[in-house]
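Everything below concerns the one structure shown next.
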Amino acid sequence: MGGSAPRVVALAGGVGGAKLAYGLAKTLPGPSLTVVGNTGDDETFFGLHVSPDLDTLMYTLAGVADPERGWGLAGESFQALEMLLSYQEPAWFSLGDRDLATHILRTKLLREGMSLTEVTRQLSQRLGVECLLVPMSDDPVRTIVETDEGALPFQSYFVERQCRPVVSGVCFEGAEKAQMSKEFTEALGKSDALVFCPSNPIVSIGPILAVPGTEKAIRSFQGPRIAVSPIIGDRALRGPAAKMLAELGEEVSCVGVARRLEGLCDILLIHKTDAPLAAAVKDAGMEPMALNTIMDTDGDKRRLAREICDLIKDRLQ
Ligand code: FO1
């Protein structure tokens, strides 16, 4: 894309968001792209700090993610987990043998006093990631899902309970005391465009927006703000977004996504089969654009990212 590349800040959760982040990273030169990852899913397992969304983004951007699962490393083995099971330890969260190295090193560096931002920069650079990958905050924020089985930390709801409990609310513990990472604030200040990757609006984008100052900075962002709907028809391509929206009494469609992002986003990219909902998206305060938003292959990811970058350039003229 050369010297005319727009500077983009992209907000993302895990697997769905990482697909577009990958496409953007293949379309834009490294220094033009900042990817901001959700850390509300972070959890401590066996004393190790695990940042699932940052790792999904990092492994995807580095080209080493497992292509089937979307999370974890390709060609992974799980012998350490099997050994933990033989000690009758709870091992519902599948930590791979090589993935464990990431959590061991992250935990070591954090204990030595490094910030999560700096640790993420070190790990991602060492894996060859060229764009800047940063956490939304260096402070702990914990997504808690309120359900008919009680309040569950996100990974307990998502992995251990397989999203089965009925959701009545979501809160972000610690968010009120958290600060946006300096790199996130700076990226918003110097970028030409903001992209909401197709991540769960409640538990992936929600925690990022919950960090004080973020919504205000996004509301006053100068430049096109573009979101890709993670809901197509009445289904999420991945994960519990559709189930959660329904249980929270919200519309399960790209219109529901538009309502969640009201005032924060200018253009909502919806899948072409949702074109009949364009008028309702407009009523929700957003300019709809219908195109193919499905990203099955790396080619799809690049194509959608190119279309977004062309749209940005067009709007910046
Ligand atoms: N997702 C699962 O569905 N089951 C797992 O056992 C699991 C383990 C895991 C380990 C490391 C990691 O970085 C991610 C992992 N994920 C697992 C994915 C993760 O729970 C979700 O992708 C996100 O937190 C939701 O965005």
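The values are calculated or read from the model by the stated rules, or taken from the named source; none is laboratory data. Computed from a predicted structure; not experimentally measured. We place every Cβ from the backbone using ideal geometry, glycine too, and count neighbours over all the protein chains shown.
What's the number of the condition VAL159 fails, among (1) in contact with a Leu (Cβ under 9 Å, 6 or more places away or on another chain); (2) of a type in the set (Val, Ile, Thr); (3) within 16 Å of the ligand (Cβ to nearest atom); (4) not in a strand (DSSP E or B)?
(1)
Taking the range 292-317, which residues are under 21 Å from ASP192 (Cβ atoms) and without any contact (Cβ under 8 Å) to a residue 40 or more places away in the chain?
GLU307, ASP310, ASP314, GLN317
Answer yes or no: is there a residue in the range 34-52 that is buried (at least 22 other Cβ atoms within 10 Å of the Cβ), under 19 Å from LEU100 (Cα atoms) and of a type in the set (A, V, I, L, M, F, W, C).
Within the range 34-52, not a single residue is buried (at least 22 other Cβ atoms within 10 Å of the Cβ), under 19 Å from LEU100 (Cα atoms) and of a type in the set (A, V, I, L, M, F, W, C).
If you go through the range 260-317 one residue at a time, how many are surrounded by 14 or more Cβ atoms within 10 Å (Cβ to Cβ) and either closer than 24 Å to GLY249 by Cβ or in contact with a His (Cβ under 9 Å, 6 or more places away or on another chain) (or both)?
The qualifying residues number 21.
Table: residues versus (1) of a type in the set (S, T, N, Q); (2) crowded, with 21+ Cβ neighbours inside 10 Å.
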{"residue": "LEU127", "(1), (2)": "no, no"}
{"residue": "VAL134", "(1), (2)": "no, yes"}
{"residue": "SER137", "(1), (2)": "yes, yes"}
{"residue": "GLU149", "(1), (2)": "no, no"}
{"residue": "CYS171", "(1), (2)": "no, no"}
{"residue": "GLY174", "(1), (2)": "no, no"}
{"residue": "LYS177", "(1), (2)": "no, no"}
{"residue": "LEU194", "(1), (2)": "no, yes"}
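Can you pull out the residues in the range 123-156 that are in contact with a Lys or Arg (Cβ under 9 Å, 6 or more places away or on another chain) and assigned to a helix (DSSP H, G or I)?
LEU123, PHE154
On the given criteria, is VAL211 more than 22 Å from GLY37 (Cα to Cα), crowded, with 21+ Cβ neighbours inside 10 Å and of a type in the set (Val, Ile, Thr)?
no
Starting from the range 244-265, keep only residues that are at pLDDT 95 or above, then list their pairs with residues that are assigned to a helix (DSSP H, G or I) and of a type in the set (D, E, K, R) whose Cβ atoms are within a distance under 6 Å, requiring at least 6 positions of separation or different chains.
Short answer, once both residue conditions are applied: CYS254/ASP274; GLY263/ARG219.
Using the structure shown, decide if ALA217 is within 23 Å of ILE308 (Cβ to Cβ) and within 19 Å of the chain's Cα centre (by Cα). Reasoning before the result, please.
Values: within 23 Å of ILE308 (Cβ to Cβ): yes; within 19 Å of the chain's Cα centre (by Cα): yes.
Taking the combined requirement at face value, the residue satisfies it.
For ARG238, state whether it is at pLDDT below 95 and closer than 30 Å to ASP66 by Cα. Explain how you work it out, then say what you get.
Values: at pLDDT below 95: yes; closer than 30 Å to ASP66 by Cα: yes.
When the stated conditions are applied, ARG238 passes them.
So if I check each of VAL145, VAL167, which one is more than 26 Å from PRO29 (Cβ to Cβ) and within 14 Å of the ligand (Cβ to nearest atom)?
On the way: VAL167 fails: within 14 Å of the ligand (Cβ to nearest atom).
Just one listed residue meets the conditions, VAL145.
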